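The values are calculated or read from the model by the stated rules, or taken from the named source; none is laboratory data. Remember, it's a predicted structure, so these values are computed and weren't measured experimentally. Cβ placement follows ideal geometry from the backbone for every residue including glycine, while neighbour counts extend to all protein chains displayed. Just the protein is used for accessible areas: all its heavy atoms, side chains included, with ligands, DNA and RNA removed. Shrake-Rupley method; radii C 1.70, N 1.55, O 1.52, S 1.80 Å.
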Amino acid sequence: MPATVIVGAQWGDEGKGKIVDLLAQQSDVVCRYQGGPNAGHTVIAGGETFKFRHLPSGILSGKTSVLGAGCVVDPAVLLEELDGLEERGISAEPLRISGNAHLIMPWHIAIDGAGEKRLGKLQIGTTRRGIGPAYADKAARLGIRVQDLLDPKILRQKIETALAEKNIWLERVYEHEPFELRAVASRYEGFAQRLRPFVADTSLLVDAALRDGQDVLLEGAQGTLLDLDHGTYPFVTSSNPIAGAAATGIGIGPTRIDRVLGVSKAYVTRVGAGPFPSEMEPGLAAQVRELGQEYGTVTGRDRRPGWLDLVALRYAVRLNGITSLALTKLDVLSAFDELEVCVAYRLPDGTETRDFPAHQSDFHHAAPVFETVPGWAEPLDECATLDDLPGPARAYVERVERELGVPVELVGTGAAREQVLARS
Ligand code: IMP
């Protein structure tokens with residue numbers, strides 16, 4: 001299985017980090033292809049908890065870990081994360097950063113926060129890490145890239161050009177203090193000194209690994225429904241988490257990808273604003289939030305829990321070409337005697353659909369059609385393989401497989417690396 005994409009099949013936070021960490025044990029290279037420090041991956045290994053925002057989860061296994069051209073990089077966050085790892089005795093040496101990745105600059109963070117504030121009730125609920133403004137500048141060709149860090153003259157020039165415009169925006173539109181060229185340039189020159197050794201031609205590196213028959217994992221951040229083009233716009237992130245973007249984000253052809261593993265929770269969560277048909281009522285939501293520790297890794301915000309949504313998952317299978325699924329956090333559902341599964345949406349015109357609505361108004365007003373299925377109401381700690389699951393839990397997994405037409409390859413039954421069941 002040379003190139004495998006691991007993609008979030010919901011609204012992010014599906015537990016990709018843990019699955020990537022697990023598969024990274026048998027891989028040679030682990031790459032992130034989009035996003036930035038808006039991501040939050042939690043991995044529990046050897047009794048220790050690691051929270052990553054920037055780094056590919058593969059860094060824990062000492063594998064070559066790539067941040068591809070499709071990523072946006074906040075050097076301050078990345079260096080803090082690298083320092084944290086080194087303090088815990090884990091080497092950052094295998095990290096490689098594409099020179100084509102874009103930098104998150106201080107004005108991106110300022111504009112993200114100020115823009116959200118200005119939107120008031122209409123705000124997206126971003127992570128306020130500067131993601132949207134950094135990708136916007138990339139598209140406007142005003143961005144500053146990782147490779148610009150390698151030349152202090154170019155770096156200073158680009159900061160000066162950007163500031164000439166950004167400071168006007170900041171002061172006149174957002175009533176924000178302007179940034180000072182000298183201060184920003186010297187801070188980023190400092191970052192440059194430390195990041196220089198990690199900058200590489202990562203497209204060439206991944207291509208060489210694939211030619212060599214090595215196993216490459218391409219790790220998406222966020223999730224399918226947060227995709228800029230195909231997600232629940234405008235409540236989305238500013239990049240493309242879907243599997244097709246792995247090729248552009250890394251700089252390899254789509255024909256190099258052999259396998260797409262979709263990661264879905266056994267239920268759903270969403271952070272930030274936006275429509276959410278299978279959302280649980282507040283009492284139940286609070287219970288699941290506590291059981292599943294559903295609080296944002298990056299922002300600490302409460303996540304909004306919902307029942308498993310097969311309509312949205314079917315959409316994710318289609319958009320990503322998912323070839324198999326990992327179903328995480330099945331243990332959280334052990335608390336319930338009965339479970340609801342959203343099998344269709346009822347649209348405003350009274351019709352029912354099993355396919356994700358193409359029009360925003362239909363989705364915004366979609367009512368969930370739930371089917372009640374038996375719970376298993378017992379812990380899953382003793383299960384060693386998927387075949388050991390209690391009958392109703394097995395039936396739940398098989399229902400997902402039948403509805404989506406793809407096999408469930410892995411099932412998560414707890415937070416630790418070991419608590420992932422595979423087929424026997
Ligand atoms: P941004 O990516 O910070 O611009 O935020 C845009 C939307 O994506 C907001 O609804 C965020 O809550 C959501 N989002 C961004 N990153 C993640 C993530 O890693 N997990 C879940 N939601 C995310």
Average Cα contact separation per residue, region 1-107, under 8 Å, 6 or more apart, as relative contact order %: 25
Need one number: nm distance between label points at residue 117 and residue 287, each 7 Å from Cα along Cα→Cβ, rounded to one decimal. 4.0
Name the longest site-free stretch of the chain, where the excluded sites are GluC sites (Glu not before Pro) in a DSSP loop with no more than 14 other beta-carbon atoms within 10 Å. 181-381
What percent do you get for the relative contact order of the chain when only Cα pairs under 8 Å and 6+ apart count? 20
Per residue accessible area in Å² of the chain, where ligands, DNA and RNA are left out and the probe is 1.4 Å: 41
P(r), alpha carbons of region 129-174 - 10 Å bins starting at zero, rounded %: 25, 54, 20, 1
Once label points are set 7 Å from the Cα along Cα→Cβ at both residue 203 and residue 181, what is their separation, rounded to one decimal in nm? 3.2
Once phi is turned into ³J(HN,Hα) by the Karplus curve 6.51 cos²θ - 1.76 cosθ + 1.60 with θ = phi - 60°, what whole-Hz value does each residue of region 391-407 show in order, with x for glycine and proline? x, x, 6, 5, 5, 4, 5, 5, 4, 4, 4, 5, 5, 9, x, 9, x
For the chain, compute the orientation-averaged projected area of the C-alpha convex hull (one quarter of its surface), in nm². 20.3
Inter-part gap, Cα centre of region 171-194 to Cα centre of region 222-293, in whole angstrom, is 33
With respect to the cross-link table entries 63/265; 18/166; 121/158; 16/158; 138/265; 18/121, which display a Cα-Cα separation exceeding 28 Å? 18/166; 121/158; 16/158; 138/265; 18/121
If amide H atoms are built 1.01 Å from N in the plane of the peptide, which residues on other chains or at least 5 residues away come under 5 Å of the amide H of residue 239? 228
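Sorted by accessible area (1.4 Å probe), largest first, how do 21, 302, 83 line up?
Details: 21 0, 302 90, 83 60 Å².
The ranking, largest first, comes out as 302, 83, 21.
Can you show me the helix-derived [θ] at 222 nm for the chain, built from DSSP H runs with n ≥ 4 at -39,500 (n - 2.57) apiece and divided by the number of residues, rounded to the nearest 500. Can you show the working numbers first?
Working: 12 runs with 134 residues, N = 424.
Helices in the chain give a 222 nm mean residue ellipticity of -9500 deg cm²/dmol.
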Would you please give the residues with an amide H less than 5 Å from that of residue 66, counting only those at least 5 places away or on a separate chain, with H modeled from the backbone geometry? 30, 31, 32, 96
Where N is the number of residues in region 200-333, Cα Rg divided by 2.2 N^0.38 Å: 1.18
Would you work out what percent of the accessible area of region 106-228, with all protein chains in place, is carbon or sulfur (probe 1.4 Å)? 53
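What is the projected area of the convex hull of the Cα atoms of region 12-145, averaged over all directions, in nm²?
8.7
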Computed ³J(HN,Hα) along region 39-56: with the Karplus parameters 6.51/-1.76/1.60, θ = phi - 60°, integer Hz and x for glycine or proline, the list is 6, x, 10, 9, 10, 10, 9, x, x, 9, 9, 10, 10, 10, 10, 10, 6, x
Across region 141-153, in residue order, what do the Karplus-derived ³J(HN,Hα) couplings come to in whole Hz, using 6.51 cos²θ - 1.76 cosθ + 1.60 with θ = phi - 60° and x for Gly and Pro? 6, 10, x, 10, 9, 4, 5, 5, 5, 7, 10, x, 5
